[in-house]
């Protein structure tokens, strides 16, 4: 079975899902071990899972085959997770071909076969073959960063291209540090020019196990260099581990809430509140509910009242975080809440000396200015949980110039945080509906971008089909509205 170590605010829900799908949980936290009756095992995990820095999902590090299995399980159990994996894995070693200077960065562009990367070394000549290693992933639109300094990573040790012995800074125990340094110096006498870096896992292994791992890495290094000499074209010589960035939209957080509720008392919107920074408050509320289940409604009402004080109100500034499927987080021009309603509110954004564009042609790359004059503005209707965001663009005189409907994951409204205003957050699903000029019929745009997102593995074909259906429903609704307006005129 695949061994997994899980940490963070999603750990209990994910543990439940992964145990049911034949994963083996190692090094569990005391709380998880107690809830699931798991023994503590110090085994080295095949996949390491922890929270993203913004708490909007998880990061998992493993070999590609393990990440593929993890992604399959999460998508089957949770639905619309957004998955971003690099096209080349970190630490992988390739035989590359120098293509020349990259005009944008000035670095050396190297063909790896399926993709090209950038190497800081500028002394290489076009057409030259070179052994390179992936130093940074190619998330989003960035090319992978390469290095000609090759390391061979293992679970407990890393071979370094210099005669040194180093330790992970996470190894704090002084006796362990002394023992590993002494062992490394003894082993290095037989590693030729390779040095050794002991990783945190080395602290839990015996001397024999560590010696065996270094011997295996030395064999791997020899195989890498032999393959480099034998390979006629570009290609991979050694596969490293990949980092998967797995984002949980609102609807996935809701499903995780239901999963966690089967394990222990869980309030509605548990994972959303924790991602919004209310972890301690949520833990306290659920602790009380576990002891006094009859007080659930009272406790939840008080929790919601505290959090509601931080939510944006009329005249408050608010940011709109427009998250792209490739991971880019685009903050749209800041607006203010103009009015509220029972289901949501309206944000007004003013434009000065800037252009806002609505695409005029179906699936076309070209754009035509719709809002460009100083004093023009936009009104965006926000309904928490909705799978679309409707924006009307106006001239300074108040005449409607066009309508733009963004198709997205469920809209989340986050409270203000210290000096930062409240924010609206969603993941853009690429496909949109536009009605501009306002007298024209509505049309669906950017379907080619949705297709590319499926090809890159960010979303499944099923998610893409759902997005198209939502876009078509919005388009039909706007068409009916258009026809009614025409009859009234």
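Values quoted throughout were computed directly from the atomic coordinates according to the rules given, and no laboratory measurement underlies them. These numbers come from a predicted model, not from an experiment. Positions of Cβ are generated from backbone atoms using ideal geometry, with glycine treated the same way; all protein chains shown enter the neighbour counts.
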Rounded to a whole number of µm²/s, how large is the Stokes-Einstein D of segment 125-185 at 10 °C and 1.306 mPa s, given Rh as the Kirkwood radius over C-alpha pairs?
109
May I ask for the percentage of alpha-carbon pairs in segment 152-240 that lie more than 20 Å from each other?
35
P(r) of the chain in 10 Å steps, Cα pairs, percent per bin?
4, 15, 22, 23, 19, 12, 5, 1, 0, 0
Residue separation between residue 400 and residue 87 times 0.36 nm, minus their alpha-carbon distance, gives in nm 108.3 nm
Mind checking the angle between helix 11-20 and the chain's longest principal axis? C-alpha axes, 0 to 90 degrees, to the nearest 10.
70
One finds, for residue 41 and residue 222 with R0 = 35 angstrom and r their Cβ-Cβ distance, a FRET efficiency to the nearest 0.05 of 0.60
Could you grab the relative contact order for the chain? Cα pairs under 8 Å, six or more apart, rounded to a whole percent.
12
Considering just Cα atoms, how many Å³ per residue does the convex hull of segment 93-147 enclose?
71
Rg/Rg_globular for segment 416-463, with Rg_globular taken as 2.2 N^0.38 Å and Rg from C-alpha atoms
1.67
Of all DSSP beta bridges with both partners in the chain, the antiparallel percent, nearest 5, is 85
Extension length gain for residue 54 and residue 330 (0.36 nm per residue less Cα distance), in nm, is 97.9 nm
Tell me the angle of helix 64-78 to the major Cα principal axis of the chain, expressed in degrees between 0 and 90 and rounded to the nearest ten.
30
Percent antiparallel among DSSP beta bridges with both residues in segment 281-355, to the nearest 5?
100
Can you report the principal axis dimensions of segment 1-128 using only the alpha carbons, biggest first, rounded to whole angstrom?
60, 31, 23
Please state the shape class of segment 253-313: rounded when a/c is under 1.5, otherwise prolate if a/b exceeds b/c and oblate if not, all from the C-alpha gyration tensor.
oblate
So how far, in whole Å, is the C-alpha centre of segment 398-430 from the one of segment 181-224?
52
Starting from the Cα-Cα distance between residue 155 and residue 186, subtract it from 0.36 nm times their residue separation and give me the gain in nm to one decimal.
9.2 nm
Looking at segment 152-240, what % of its DSSP beta bridges pair antiparallel, to the nearest 5?
65
What per residue convex hull volume, in Å³, comes out for segment 132-288 when only alpha-carbon positions are used?
199
Rh (Kirkwood, all Cα-Cα pairs) for segment 228-287, Å, reads 14.8
So what's the angle, to the nearest 10 degrees on a 0 to 90 scale, between helix 279-291 and the longest Cα principal axis of the chain?
90
